[in-house]
Every structure is written in C-alpha cells, then in structure tokens.
Amino acid sequence: MDKEGLLQIWLQEEAVAHIHGWDFSHIRGKYEEEHDLPWDYKEIVRDYLRPEMKLLDIDTGGGEFLLSLDHPHHNLAATENYQPNVELCKGKLVPLGIDFKKADGSRNLPFRDQSFDIVINRHGNFNPKEIGRVLKDGGVFITEQVGAENDRELVELLLNDLPDIPFPDQYLKIARAAFEKEGFMVMQAEEAFRPIKFWDVGALVWFARIIEWEFPGFHVKDCLENLYHAQEVLEQEGVIEGKIHRFLLVVKK
C-alpha cells in the first residue's frame, strides 16, 4: 500500500480511538501483551477469595474484571474516578446490587473502617493508609500494577521527543516499602518485563491515542515520518515489539 493509503488508515484509527470501560477488542488479533506474565492475577485473587468475603475493587474501570470473578454481588464494592467509566458502572454495577461509589483511589475511600476482607486493584491508583483503614484485621490487598518503564520502546519509536516517564515511582520496591511502612506483611512480590507485539501499525496508532499519558501529544500527522518508519520495521521484521513493565504485590494487614 502506498503512503497516502496508509495515512488514511492511520487517520481513521486515530479518529475512532475511544474506549468503553477498558475494552481493547478493537485491536484484538493485531497486538498481544500480558499473555506470558509469571503470575495469573485472577487466579491469585480467587485463591484468597471465599463466597462470604467482602471485596472492594479500586479503579474498577467498567467493572469487567470484577464481574468475571462470579462473586456474590451483595459482597462486592467498587470505585472508579474516570467519568465515562463512572457512568458505565452506574448503569452496569448498581442494578446488580454492587456497592459502587465514585472515588479517587489515591485519596480517601468512601467506606467505613474494616469493611472488607479483600481489596484488589489492577492498574489503578491506591493509598496504602486508606487500604489499611478499610481492610479488616487479617485482610489482604492484591494489586497488579503497570511499572514506570512500560512501553518505552514504543514511545521512542512514535514520538519525536522522548517524554519523561509519566509515573516514575511505579516500581515494586517503592510500593512494597510504602505498605511495609503501614505495617503490612508482604505475602508475594514479583516484577516482570515482557514483550508487547503489534502486527499492524494502525493498531499501534489506536493504542497510542488510548494510552495518552504514555504517548503525550501523539497525533498521526505530527508523527508521520515515525509511523512510516514503524511500517518499514513491520514489513522487514514481521512485528513491532516493545516491552511492558508489570509488578504484583500481595500484602496482609
């Protein structure tokens, strides 16, 4: 395909780059990540979870993961702060009897002291002091986080100027120390760097527009030469590859 044809495809991907909840199905089959992490976040949560337990999911997105646990709805609570997802949760979680509240996970949680047996958080903000407050004695906090160095090779590939790392404190050792300071016992702590692969530059365009905090200022026309270079890499190598940075932390109150 010639450059003008590629440009039109990329502009179309840029135009449709919106997300409903945390749904990446638009680029399914065109990219791959998180398939080979050394842990399974969902299985870890299920290992700790019992039907009678009260569970809070901080920064639940659209509630997709929370609902996948098949836990009794009356024992579930969730928070979310991103307004489009807040409206989604109001329409999807509240009618099921799930205790949903709009809240910033890095600040105060709108729940009573010692309300929950388990608090979980996948790729969202958290406040160790507040988590300690809302957990029952012996309760567990389980989180999988996106690390500071996530997708940096892809950022360098697409942007003209490499921006600062958006969340420079996102390292396992820093999160672990914060919970230990609050008196938590560390049950499991792992960190990993794994491949992220794209087989379509248009999918990468969509991805970069969705993950705007990692790719600040990215626009197709501003980064066009970089995109043509990415297309050359794809045609030569068969794939565009970067690295994701993840860490897992399980702590007990």
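Each reported figure results from applying straightforward, stated rules to the coordinates on display, with no laboratory input. Computed from a predicted model, the values in this text were never measured in an experiment. Counting neighbours? That spans all protein chains shown, and the Cβs are built from the backbone with ideal geometry, glycine included.
Go through region 120-148 and report how many residues are surrounded by fewer than 18 Cβ atoms within 10 Å (Cβ to Cβ), farther than 17 Å from Lys181 by Cα and not charged (D, E, K, R).
Here the count works out to 3.
Being in a strand (DSSP E or B) and either crowded, with 20+ Cβ neighbours inside 10 Å or within 15 Å of the chain's Cα centre (by Cα) (or both) is the filter here; which residues of region 195-213 pass it?
Here is the first cut: in region 195-213, the residues in a strand (DSSP E or B) are 195-198.
Result: Ile196, Phe198.
Could you please find all residues in region 90-108 being aliphatic (A, V, I, L, M) and part of a loop (DSSP other than H, G, I, E, B)? Break it down into steps so the answer makes sense when it comes.
Filtering region 90-108 for residues aliphatic (A, V, I, L, M) gives 93-94, 96, 98, 103.
Leu93, Ile98, Ala103, listed by residue number.
Can you pull out every residue in region 184-194 that is touching a Lys or Arg at 6+ places or on another chain (Cβ under 9 Å) and either aliphatic (A, V, I, L, M) or part of a strand (DSSP E or B) (or both)? Outline the logic, then answer.
First pass over region 184-194, keeping only residues touching a Lys or Arg at 6+ places or on another chain (Cβ under 9 Å): 184-187, 189-194.
Across region 184-194, the qualifying residues are Met185, Val186, Met187, Ala189, Glu190, Glu191, Ala192, Phe193, Arg194.
Just to be sure, is Pro38 within 30 Å of Ile240 (Cα to Cα), over 16 Å from the mean Cα position of the chain (by Cα), in contact (Cβ under 8 Å) with a residue 24 or more places away in the chain and not in a helix (DSSP H, G or I)?
It is true that Pro38 is within 30 Å of Ile240 (Cα to Cα), over 16 Å from the mean Cα position of the chain (by Cα), in contact (Cβ under 8 Å) with a residue 24 or more places away in the chain and not in a helix (DSSP H, G or I).
With respect to Arg176, determine if the residue is in contact with a strand residue (DSSP E or B) (Cβ under 6 Å, 6 or more places away or on another chain), surrounded by fewer than 18 Cβ atoms within 10 Å (Cβ to Cβ) and assigned to a helix (DSSP H, G or I).
In short, yes.
Report whether or not Val251 is in contact with a Phe, Trp or Tyr (Cβ under 6 Å, 6 or more places away or on another chain) and surrounded by 13 or more Cβ atoms within 10 Å (Cβ to Cβ).
Numbers: in contact with a Phe, Trp or Tyr (Cβ under 6 Å, 6 or more places away or on another chain): yes; surrounded by 13 or more Cβ atoms within 10 Å (Cβ to Cβ): yes.
Judged against the criteria, Val251 is a match.
Within region 67-96, track down each residue that is within 13 Å of Phe116 (Cβ to Cβ) and under 16 Å from the mean Cα position of the chain (by Cα).
Ala78, Thr79
Of the conditions (1) within 22 Å of Asp151 (Cβ to Cβ); (2) surrounded by fewer than 17 Cβ atoms within 10 Å (Cβ to Cβ), Glu14 satisfies every one except a single condition; which number is it?
Here Glu14 clears every test but (2).
Quick check on region 45-89: of everything there that is in a helix (DSSP H, G or I) and hydrophobic (A, V, I, L, M, F, W, C), which residue is farthest from Ile131 (Cα to Cα)? Show your work before the answer.
Taking region 45-89 and keeping what is in a helix (DSSP H, G or I), we get 45-48, 64-68, 73-75, 83-89.
Now restrict to residues that are hydrophobic (A, V, I, L, M, F, W, C): 45, 65-67, 86, 88-89.
Numbers: Val45: 16, Phe65: 19, Leu66: 18, Leu67: 21, Val86: 21, Leu88: 24, Cys89: 21 Å.
Here the answer is Leu88.
For region 63-100, how many residues meet the condition of being in contact with a strand residue (DSSP E or B) (Cβ under 7 Å, 6 or more places away or on another chain) and among the aliphatic types (A, V, I, L, M)?
Counting residues in region 63-100 that are in contact with a strand residue (DSSP E or B) (Cβ under 7 Å, 6 or more places away or on another chain) and among the aliphatic types (A, V, I, L, M) gives 8.
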